[in-house]
Each structure stands twice: as structure tokens, then as C-alpha cells.
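A.B. asks: Provided herewith is a single structure, encoded as C-alpha cells, for subsequent inquiry.
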Amino acid sequence: MGRPGFVLDVDERTPPLLLHEGEGFRLERLPLGSQVIYPPESLPAIVDLEGAIRRALLHPHGSDPLPELLQRDMRLTIVFDDLSLPLPPMRTPDVRQRVIEQVLEMAAAAGVDDVELIAANSLHRRMTPAELKRTVGERVFRAFHPDHLRNHDAENPSDLAHLGTTAHGEDVEINRRAAESDLIVYVNITLTAMNGGSKSVAVGLASYASLRHHHNVHTLRHSRSFNDPPHSAMHHSYDRMADVIGGHVPVFTIETTLNNEPFPASLRFLTRREWEWNLTDQASYLAVKRSSELATGKLRHRVWQATEAPYGVTGVHAGAPSQVHPHTLGAVHRQQLTEVQGQADVAIFGLPYICPYNVNSIMNPILVMSLGLGYFFNLYRGRPIVRQGGVAIFYHPMPHEFHPVHHPSYIDFYELLAETTDPVMLETKYEKQFATDPWYIHLYRTSYAYHGVHPFYMWYWGSHAMQHLHDVIFVGGDRSTTARLGFRAASSLADALELARETVGRDPQISYLHAPPMVLADVR
């Protein structure tokens, strides 16, 4: 059993602390009295994973066993999370492959021969054949691709079914094949508490007509805690849509959770507490940092994007989505939750090289903003680690780089920020134009581009933090790029704290969220 997370008070004996900054990292001495929020150490992985999957399928929560749901003449659709999870990608065989293989074996035993597999990519870019193969495994890929293994297409009218509206007037439109099936089996990886549950089908298989009801500024600003579903306006919308979907087609979900092993052995120092580094850890840090600094930008991209995580699976739960998800959240909390007393004036975050939307791609400035203000800021339960009107300091170089194939609409969205950074104005004036642009739709459907509206959603995702914070500062951030996004840049932590003093005074309380690995601050 790994040690639980804890909060360290920085004193004279505290060594320099590691902070991620994109495709690099640094050691930084924090001011005395700062609090450092450490994640729990990695929990042990399930030893007999195949057995655990089988037990989950045969003894589900709130549902008959999967074999009893499978009938010879039925239409079965197996849906799985796309490449946005987990981060970094896990070593093969991916747990989705291992679950899908067992589901297919049970379907074959029941005589089911009408089976389709769909990647729940929503408005994300399509997965390439190689990416699909890596996720589902060679055996499944060879048997089903391309005719019966594909990406969801949220812009093909003939591939969508409108199932009605919720009591709040929200359109529910999802993938037609899934909607007209006798059973949907959803295979999920829950990396954080904001993943899984009713979100899976309601978002992963949705169209823009559905997503616009909860992926908007108003809903995101009123989701008090994305990691605390009972208090999230967004999750309430997911639940309402899931109820409508469940009235048309039964959903059997399999949710899996992972431990805190996101880096291979050569990068193990990234997961260890600094005062416990041995000589090997110190040498690894120096070697990796030096080689990263000497490498060209393209080589750094290639090396980091090739990183595979040795994740272990800590939980497998199956059955009715509403019955499964509480067990999944319990497993996530056991691995990630750290109790924190009170809020700070200044929060510090080191941002890594990867987020859900730049796998095998480039972290552009909009994605950096979303990772920091949309994800890391929201890694809390109850209250943010920084008080209302406080300051957030992020470490990231914020280079002006875009992937022209994956993120074409992001390039144009970046230009809009010269006019305004106000999420409401962007939503009101430009969202529909980008969402319905024929060229963006063409690239989404035929190339590997994120949907035209996707950068707007990333900007909205950070709107809660923008409203909560008085100032946002990027240490090491490109000054022109940072200014375009409406933030400030500083060359060092000392400079950032000097800028922050305008808001929080000369002796602020500072908290550093030491992630990755994943940590969820339970702020009391």
C-alpha cells in the first residue's frame, strides 16, 4: 500500500522542488512557509487483471451479468474512450483492449454477430488507424477495421439520431448506430474524477447540437467543482441526457481506474518526493534535463510523445452507469485525494508537456491555457486551493506553436484573442461561425482535425478560473503569446511573486500543487 498524500510546509531543510514546464522541468526553491500538496504514492495494481475484468462482467452493479444481456439476434455496439485518456498513453496492452477482448468473447459465445466498435471521440480529432490499433489491439483491429471499427462522426447527419430533449430543453443527439442498438457496452478509463459516469455516452457519442447545452460559459462557470459531480452544473446536464439515452437503449458500462505511475523507470524521479531522491534519481534528473535542453524542438516533441506510462489498473467495475460510477470515484479518490486545510493567496502549478488534446501533437497556447486554468486549477474537491481574487502562477514556456493538421481552427481562434479574451463575447459573436464553418467540418470529417468549435470549448473550460482569479502569471512564458491570451509573463518565480504582490501583498500564503502524478486537493 502506498503512502497517502500529504501537505509539506517548506522550511530551511526543504530541498529545491521539481516543477514541470512543458517539455522540460526545473528545480525551484519556494519561499519559507509555502505549502506543497503531494499526491498519494502509487497504489498496487491488480495482479490478476483478466480475472478482475471477468468478475466485473459476471457480477455487475445494478445489472444482470453481461452474458445474460447478450442475445443471438441483437445489435451490439461497443464504444470506447478515445486517445485523450490516459495521459501519457499507457503501455500496451491497453486496458481497453483487454476489456474489449473479453466482451467480444462473451458476445461470440452468445452467437452475437452484429457487432460494431466505435471510438467515442465526440468533437475531438479522428484517431488514425495506427492509434485505433494501439488501443484495441492487433487481433481486434484485424477482425473489425475498417468496416466495423471506426471513429464517431459528429457531423454526418445520416450517422446521428435525435432522441428528444431533456426537461430543461436540451437536445439529445448521439451516434445513430449506438442509438439503434439493442445494447451499448461502454469501455472507459477514468483518469480523474471528472471522467466517466453519465458523461461517457452523453459526450463521447454526441453532436454539436447536444454538446452546446453544457459546453458553454454559463454552465462551466456555475460548475462549482468539476470533480464533485453533485455540485457540478455540467454533470447535472450529463445526467439528464443520460436518462434520455437510457430510455432508448440500455447502456452497460465498464469503468477502469489507474494508479499513479505515469512515467517509465528512466523518469521515476518525476514521481518521487525530492528529499527521497537517491544518487540514481539525481543523475537521471541531470541527464534528462541536459539532453532535453540540447535536443531540437522536433526531437523533444518526438521523445516526449513516445513516452508510455507503466500504469497499473486499480479497479474494474461494470454494470449500470449510475451504479458503477460511485465505485469508480471511490477508487480515484483512494489514489489521488489529499486533504488540504484552507485556501492560499497564491497557487503554483507546473504544467507538463501533454494534455487530452495534444496526444501525438503539439501543445499550442490555447491548450496550455486549458491545461492550466481548465484542468490543473480544477484539481480540487470542495474549494479551489487558491482563494477568490487570488493569483495563479503557472510554469510553461507558452511557445507560439500550432499543429496545422490537428488544430486548424485554433490558429484562427488565436487571432480572435487580439480583439477580445472575454469568453461570453467570444461565445456570442463567433462560436456558431466556427462550429458551422464548412471547411472546418470537412477537415474534421476527412482529415485529423479537431472540430471548428473545439478551441472555444477549451477557452470556456478556463472561464471558471478566469472569473475566480485576479491575476494569472506564466513563469518562462513567451511574453507576446502570454499577453495575447490576457495573462502576464515573468522570467522567474521571484519576478512572478513581485507581480503578484500588487494583489496579495508582500507575505502571501502560497500553495504548490505537486502534479503530475495526479493529485486531487480536498480543500477544507
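The values are calculated or read from the model by the stated rules, or taken from the named source; none is laboratory data. What you are looking at is a predicted structure, and each value in this text was computed from that prediction instead of being measured. Note that we place each Cβ from the backbone using ideal geometry, even for glycine, and neighbour counts take in every protein chain shown. Note: accessible area is taken over every heavy atom of the protein model, side chains too, but ligands, DNA and RNA are not part of it. Shrake-Rupley method; radii C 1.70, N 1.55, O 1.52, S 1.80 Å.
A.B. asks: Among the residues that make up segment 444-466, is at least one of them under 29 Å from Pro384 (Cα atoms), open to solvent by 20 Å² or more (accessible area, probe 1.4 Å), in contact with a Pro (Cβ under 8 Å, 6 or more places away or on another chain) and touching a residue at least 60 places away in the same chain (Cβ under 8 Å)?
C.D. replies: yes
A.B. asks: Please indicate, with yes or no, whether at least one residue in segment 208-228 is in contact with a His (Cβ under 6 Å, 6 or more places away or on another chain), assigned to a helix (DSSP H, G or I) and surrounded by fewer than 22 Cβ atoms within 10 Å (Cβ to Cβ).
C.D. replies: Checking segment 208-228: at least one residue is in contact with a His (Cβ under 6 Å, 6 or more places away or on another chain), assigned to a helix (DSSP H, G or I) and surrounded by fewer than 22 Cβ atoms within 10 Å (Cβ to Cβ).
A.B. asks: Which condition breaks for His406 when tested against (1) open to solvent by less than 10 Å² (accessible area, probe 1.4 Å); (2) over 22 Å from Ala209 (Cβ atoms); (3) not hydroxyl-bearing (Ser, Thr, Tyr)?
C.D. replies: (1)
A.B. asks: Do you know which residues across segment 84-95 are under 16 Å from Asp48 (Cα atoms) and open to solvent by less than 10 Å² (accessible area, probe 1.4 Å)?
C.D. replies: Of everything in segment 84-95, those that are under 16 Å from Asp48 (Cα atoms) and open to solvent by less than 10 Å² (accessible area, probe 1.4 Å) turn out to be Asp94, Val95.
A.B. asks: Let me ask something additional. For segment 277-303, how many residues are over 16 Å from Ala265 (Cβ atoms), open to solvent by 70 Å² or more (accessible area, probe 1.4 Å) and in contact with a helix residue (DSSP H, G or I) (Cβ under 8 Å, 6 or more places away or on another chain)?
C.D. replies: 0
A.B. asks: I would also like to ask the following. Restricting to segment 58-72, what's the tally of residues that are free of Cβ contacts under 8 Å to residues at least 12 places away in the same chain and among the charged types (D, E, K, R)?
C.D. replies: Result for segment 58-72: 2.
A.B. asks: To continue, here is another question. Got a sec? Which of Ser84, Ser63, Ser34, Ser122 is in contact with a strand residue (DSSP E or B) (Cβ under 8 Å, 6 or more places away or on another chain), modelled with pLDDT of 95 or more, polar (S, T, N, Q) and under 30 Å from His451 (Cα atoms)?
C.D. replies: Ser122
A.B. asks: Next question, about the same structure. Taking the condition of being touching a Ser or Thr at 6+ places or on another chain (Cβ under 7 Å) and under 21 Å from Gly462 (Cβ atoms), how many residues in segment 402-449 meet it?
C.D. replies: Looking only at that region, the number is 5.
A.B. asks: Right, another one. Is it the case, given these coordinates, that Arg26 is part of a helix (DSSP H, G or I), open to solvent by 20 Å² or more (accessible area, probe 1.4 Å) and either modelled with pLDDT of 95 or more or in contact with a Gly (Cβ under 7 Å, 6 or more places away or on another chain) (or both)?
C.D. replies: no
A.B. asks: Of all residues in segment 81-131 being hydrophobic (A, V, I, L, M, F, W, C) and part of a loop (DSSP other than H, G, I, E, B), which is nearest to Pro408 (Cα to Cα)?
C.D. replies: Checked segment 81-131; the qualifying residue nearest to Pro408 (Cα to Cα) is Leu123.
A.B. asks: Looking only at helices (runs of 4 or more DSSP H) that lie completely in segment 276-387, which have at least 2 residues being under 23 Å from Leu87 (Cα atoms) and in contact with an Asp or Glu (Cβ under 7 Å, 6 or more places away or on another chain)?
C.D. replies: Filter on segment 276-387 gives 297-305, 321-336.
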